[in-house]
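Participant: Below is a structure I'd like to ask you about.
The values are calculated or read from the model by the stated rules, or taken from the named source; none is laboratory data. As the structure is a computational prediction, the values presented were derived from the model and not from experiment. Quick reminder, even Gly has a Cβ in these numbers, built from the backbone with ideal geometry, and neighbours come from all protein chains shown. Each accessible area value is taken on the protein alone, full model and side chains, heavy atoms only, with ligands, DNA and RNA left out. Shrake-Rupley method; radii C 1.70, N 1.55, O 1.52, S 1.80 Å.
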Amino acid sequence: TLISAGTLEFANGGEQRFVIQDAGLSNAITGAGAAQFDGLFRLDVDLLTDAGGTWTLASVSSATYGGTFNLAFLGGPTFSDLGGGLYGSGDWTYSTLSGQLTLVPEPASLLLLVTGAWLVGANRRRA
């Protein structure tokens with residue numbers, strides 16, 4: 001959604017679906033205008049296979065988040081308001097300051113990724 005001027009008012013009860021894909025790809029709300037978010041950002045992660053990443057969902061000149069704003073997975077739970085402009089659900093966080101959704105891999109997955117990268121590097125040095 002592009003806001004070229006004026007203000008987008010996302011009312012209580014409103015819902016915007018974001019399709020979260022690999023390599024930081026997703027649809028987004030962008031532009032030079034302003035936005036007032038009081039509805040729900042619905043996250044569709046069915047196409048996601050990456051273990052971690054960051055997605056910019058809202059990038060506007062001025063964003064305001066109201067008391068009824070929240071995020072939820074498609075067919076799943078809503079996020080918890082963590083305070084300080086952060087919302088979270090498991091390994092997922094959303095920052096109202098940056099408009100970014102982040103998935104941080106669980107420690108076991110992170111360890112597996114680091115170990116795999118080390119093994120690839122060790123094999124290249126031998127070759």
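Participant: Search the stretch 109-127 for residues being open to solvent by less than 70 Å² (accessible area, probe 1.4 Å) and under 20 Å from Asp50 (Cβ atoms), and hand back the single one that is modelled with the lowest pLDDT.
Facilitator: Ser109
Participant: For the structure I just gave you, tell me whether Thr30 is at negative phi, out of contact with any Ser or Thr (no Cβ under 6 Å at 6 or more places or on another chain), touching a residue at least 24 places away in the same chain (Cβ under 8 Å) and polar (S, T, N, Q).
Facilitator: In short, no.
Participant: Then there is this: Hey, among the residues in the stretch 1-21 that are modelled with pLDDT under 95 and outside any strand (DSSP E or B), which one's most open to solvent (accessible area, probe 1.4 Å)?
Facilitator: Asn12
Participant: Restricting the stretch 28-55 to residues that are within 29 Å of Gly6 (Cβ to Cβ) and in contact with a helix residue (DSSP H, G or I) (Cβ under 8 Å, 6 or more places away or on another chain), which is most open to solvent (accessible area, probe 1.4 Å)? Even if it seems obvious, please write down each step before you answer.
Facilitator: Keep residues of the stretch 28-55 that are within 29 Å of Gly6 (Cβ to Cβ), which gives 28-44, 54-55.
Adding the requirement that they be in contact with a helix residue (DSSP H, G or I) (Cβ under 8 Å, 6 or more places away or on another chain) leaves 54-55.
On the way: Thr54: 65, Trp55: 1 Å².
If we take residues in the stretch 28-55 being within 29 Å of Gly6 (Cβ to Cβ) and in contact with a helix residue (DSSP H, G or I) (Cβ under 8 Å, 6 or more places away or on another chain), then Thr54 is most open to solvent (accessible area, probe 1.4 Å).
Participant: Asn27 - would you say it is modelled with pLDDT of 95 or more and either among the β-branched types (Val, Ile, Thr) or over 14 Å from Thr93 (Cα atoms) (or both)?
Facilitator: yes
Participant: Assuming Ser61 fulfils every condition listed in (1) open to solvent by 60 Å² or more (accessible area, probe 1.4 Å); (2) farther than 15 Å from Thr7 by Cα apart from one, which condition is it?
Facilitator: It is condition (2) that Ser61 fails.
Participant: In the stretch 19-50, which residues are of a type in the set (Gly, Ala, Ser) and over 22 Å from Ser80 (Cβ atoms)?
Facilitator: Ala23, Gly24, Ala28, Gly31, Ala32, Gly33, Ala34, Ala35
Participant: Go over the candidates Gly76, Gly24, Gly31, Gly39 one by one and state the one that is more than 15 Å from Thr102 (Cα to Cα) and in contact with a Gly (Cβ under 9 Å, 6 or more places away or on another chain).
Facilitator: Exactly one residue qualifies, and that residue is Gly39.
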